[in-house]
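This report concerns only the one structure given below.
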Amino acid sequence: MFLDDDFLLDTPQAKFLFHECAERRPIIDYHSHLNPADISGNRQFDNIAQLWLDGDHYKWRAMRAHGIPERLCSGNAADREKYDAWAATVPSLLRNPLYHWTHLELRRPFGITGMLFGPDTAEEVWERTGSQLRSGGFGALDILRKMNVEVVCTTDDPCDDLAAHACHAASGDSLKLLPTFRPDKARAIHDPVVWREWLARLSDVVGVEIRDLGAFKKALARRHEYFARHGCRLSDHSLETFDAESLTEHEADALFRFVLQGGEAAARDAARFSNYLMDFFAELDAGEDWVRQLHIGALRNPNSEALHRCGPDAGFDCIADFPYMDSLRRMLDRSASKGSLPRTIFYNLNPKDSAALAVLCGSFQDGSSAGRMQYGAAWWFLDQMDGITRHIEILSQLGILSHFVGMLTDSRSLLSYTRHEYFRRVLCRILGRDMAGGLIPDDLEMVGAMVKGISSDNARQYFKF
């Protein structure tokens, strides 16, 4: 039966592993794009459209492909209009992960089962979810508790004041809401207008005029320390361009001054400046014993007209195809040779790079701790049944699956926590089949301990939450 309690679990072993070892484990969400103010303020939602569709570029992308106009996706149409457009889209999504996710999101936290979502059931779902949302127990923080979330790490610019995180911490709530240091704009010297505007903001935040590279690095270090005082344990970096070489201190300072004064950096110089800062950020992260996340291989904003019309992060990004293994190796090696290579998680977007990245990850394990360098969870366009399966297979064969820190949401939607359930079901299906087929021991205690670790225990220990 579609989406019953044993969904995806096709062996007795898989059913035991999921229901006894994975299903009720807490969620450690070490990478998300949730709004921390929504969580701190326990934001209340008027209807499910606000929960389901606001900011969810996965759904917008599918709706456009179904012929839905932009005003009903990211536009200013009424919530109910957008909801009805999504209801009209879902029946056409068979075999797309969004079909599974949509029904899981109705099941948890709303408890709606036994029906297929579409135009015929849209009114009933609207009324049933609306009644629950109006009950007072379905605010943003309430939903996280219903999903059994223990830790949420948001993604934050170095200039952010982290007021929502501080407010939540002061409340004494058992759920941890922690920031993540995401300094991509500091490296965006290739976009000089945006970079200079951001630099002015950084100057205001730290209260120091930034005229040279030295002052810039000091300002970034101060914000890094500020994040650490607010419980930050991770940094995050999106790497879309690479160069094999970095800049010297003198070269980086000269380029900094040149662009600050109105110049434009050549593409290769900008990439090398990015490398220089990545080396600097590695030193900061290693000094605080943070975990660094590297997201590699996104091609941002390929559709310039859509960018102008809808802005960034609206569902138009795609998979890049460029070689980067040697350049990444050099970047890691520069830090390792100085003793400043932090614990690192690598995520790739292009599936052709999966095996190579998993192997490169293993090349920088140093024996100081288990799973120090992590080949991270299937990301973005790979976050679906086939992508998750391939990630688990590659990590199993080229690394150590037992030390994997597990799934993350990487989402702007509170309902995306069902993806942890989806991942755990796929994981248990794979391991259950292996047990049934004699590929691994049919030992429920041994394999169950592995599942518990991947579901939550490994992450809690790795990130030192």
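Points worth noting:
- Backbone phi angles across region 50-63, fed through the Karplus curve with coefficients 6.51, -1.76 and 1.60 (θ = phi - 60°), yield HN-Hα couplings of 5, 6, 7, 10, 5, x, 8, 5, 4, 5, 4, 4, 5, 4 Hz in residue order; Gly and Pro are listed as x.
- Solvent-accessible surface (1.4 angstrom probe) belonging to M373, in square angstrom, nearest 10: 10
- The chain: angle of helix 122-133 to the longest principal axis, Cα-based, in degrees nearest 10: 70
- Nearby aspartates and glutamates by direct alpha-carbon distance to K59 (threshold 18 angstrom, same-chain neighbours under 8 apart not counted): E70, D79, E81, D84, E105, D313, D317, D383, D410
- Inter-centroid distance (Cα atoms) of region 155-185 relative to region 275-295, Å: 19
- Taken along the Cα-to-beta-carbon direction at a fixed 7 Å, the label points for M325 and D6 span 4.2 nm.
- Interchain or long-range residues, amide H under 5 Å from V291's placed H: L234, S235
- Accessible area per residue was computed with a 1.4 Å probe on protein heavy atoms; D269 scores about 60 Å².
- Long-range amide H partners of G399 with built H, under 5 Å: none
- In range of the label at A449: residues from region 386-403 whose backbone nitrogen is under 14 Å from the point 7 Å along Cα→Cβ: 402-403
- Of all accessible heavy-atom area on the chain, the percent that carbon and sulfur account for (1.4 Å): 50
- Region 94-209 shape via C-alpha gyration tensor axes, a/c threshold 1.5: prolate
- Couplings for region 213-225, taken from phi via the Karplus curve 6.51 cos²θ - 1.76 cosθ + 1.60 with θ = phi - 60°, read 5, x, 5, 4, 5, 5, 5, 5, 5, 5, 5, 4, 5 Hz in order; Gly and Pro are left as x.
- F138 contributes an accessible area of around 20 Å² to the protein surface, as traced by a 1.4 Å probe with all chains present.
- Cα gyration tensor shape of region 1-124, rounded if a/c is under 1.5, else prolate or oblate by comparing a/b with b/c: oblate
- For the chain, the share of DSSP beta bridges that are antiparallel, to the nearest 5, is 10%.
- Computed helical MRE - 222 nm, the chain, DSSP H runs ≥ 4 contributing -39500 (n - 2.57), nearest 500: -14000 deg cm²/dmol
- Solvent exposure ordering (accessible area, 1.4 Å, most first) of E209, E445: E445, E209
- Anisotropy class of region 219-327 from Cα gyration tensor, a/c 1.5 cut: oblate
- F2, F258, ranked by accessible area, largest first (probe 1.4 Å): F258, F2
- Angle of helix 267-288 to the longest C-alpha principal axis of the chain, folded into 0 to 90 degrees and rounded to 10: 70°.
- Cut-off 12 Å between beta-carbons: net charge of the residues surrounding D161, Lys and Arg +1, Asp and Glu -1: -2
- Taking all protein chains into account, the per residue accessible area for region 369-465 stands at 36 Å² (1.4 Å probe).
- Rounded to 10°, Cα long-axis angle of helix 354-363 versus longest principal axis of the chain: 60
The values are calculated or read from the model by the stated rules, or taken from the named source; none is laboratory data. Quick caveat, the model's predicted, so the values are computed rather than measured. Cβ sites come from the backbone with ideal geometry, for glycine too, and all protein chains shown count toward neighbours. Side chains included, ligands, DNA and RNA excluded: accessible areas come from the protein's heavy atoms. Shrake-Rupley method; radii C 1.70, N 1.55, O 1.52, S 1.80 Å.
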